[in-house]
1. What residue among LEU69, ASN18, ILE53 has its Cα farthest toward the positive end of the dipole of the chain, where the charges are +1 on Lys, Arg and -1 on Asp, Glu, each on the Cβ?
2. Let me check I've understood the local charge: for PRO169, count other residues with C-beta under 9 angstrom from its C-beta, Lys and Arg +1, Asp and Glu -1. What total comes out?
3. Once you've got the Cα coordinates, tell me which of LYS80/LYS136; LYS70/LYS135; LYS63/LYS157; LYS51/LYS172; LYS80/LYS157 are over 21 Å apart.
4. Under the rule of -39500 (n - 2.57) per DSSP H run of 4 or more residues, summed and divided by the residues of the chain, what mean residue ellipticity at 222 nm is obtained, to the nearest 500 deg cm²/dmol?
5. Once you've got the GNM for the chain with C-alpha springs shorter than 10 Å, pick whichever of ASP23, ASP93, ASP163 has the biggest mean-square fluctuation.
6. Which one, THR164, THR89, TRP144, is farthest towards the positive end of the dipole of the stretch 2-178 when Lys and Arg carry +1 and Asp and Glu -1 on their Cβ?
7. Considering only DSSP states other than H, G, I, E and B, which GluC sites (Glu not before Pro) in the stretch 35-127 qualify as loop sites with at most 13 other Cβ atoms within 10 Å?
8. Counting other beta carbons within 10 Å of each residue's own, what order do ARG84, ARG121 fall into, fewest first?
Amino acid sequence: MTLIINLMSCKAQTLPLNTPFLDIPNGAYVKDTNNELNPYIGTYKTNFEGKEITLFITKQEHKLEESSLKNYYMDALVIKYIVRNSSGTILQDTQNNNSDIASIFSISTEPSENTVTFIYRGTNCNVGFGSIKLKKLNSTQISWEYRPNDITTTAAKCPPTLDTTIYLPETKDLIFTKQ
């Protein structure tokens, strides 16, 4: 009987999206119970300064979040992307990238404002690390705002042989259209 009680108490606690970090216990699951993330899922395109940017937004359930304080799981949107120059040459493609380099994932939503905030880990050596905010304008359009925190590096911090170009559009109110 004690074993059964212990096994039941080990079940992870399920919490809603936007639960404050300090209120999330180790091993919990922060779930998209109200389907707030679903309207953003899809493929979106735009052109900016001679480049075509395609976003592939998917929903990942039970994404592991690890920090020095605790580990927990959450539902999150994940953005993969392709950036092409005006002649169609691919400058950056993260579709098959499974590492944290160029990783973009959602960290919070604001349903009353139709927005989702993302963390972008940046390119090599975290250049471009910052936040991205998407606002759902209607069923086919989203507005993009990207604010990098760190846009430079040094040879001491990052080998000069690595590409540290930020290919994502550093701008506000850029409209992407669903394909």
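Laboratory data are not the source of any read-out in this text; all were calculated from the coordinates shown. Here the structure is a predicted model, which means the values were calculated and not measured. Every residue, glycine as well, gets a Cβ built from its backbone with ideal geometry; the counts of neighbours run over all protein chains shown.
1. Working it through, the farthest residue towards the positive pole turns out to be ILE53.
2. Numbers: positive: LYS51; negative: GLU49, GLU170.
Neighbourhood net charge equals -1.
3. Values: LYS80/LYS136 18 Å; LYS70/LYS135 30 Å; LYS63/LYS157 29 Å; LYS51/LYS172 16 Å; LYS80/LYS157 26 Å.
Flagged as over cut-off: LYS70/LYS135; LYS63/LYS157; LYS80/LYS157.
4. Only helices count here, giving -1000 deg cm²/dmol.
5. Most flexible of the set in this elastic network: ASP23.
6. Value computed over the given set: THR89.
7. Details: sites: GLU36, GLU49, GLU52, GLU61, GLU65, GLU66, GLU113; in loops: GLU36, GLU49.
When the GluC sites (Glu not before Pro) of the stretch 35-127 are filtered for loop state and at most 13 Cβ neighbours within 10 Å, GLU49 remain.
8. Numbers: ARG84 18, ARG121 15.
Starting with the residue having the fewest Cβ neighbours, the order is ARG121, ARG84.
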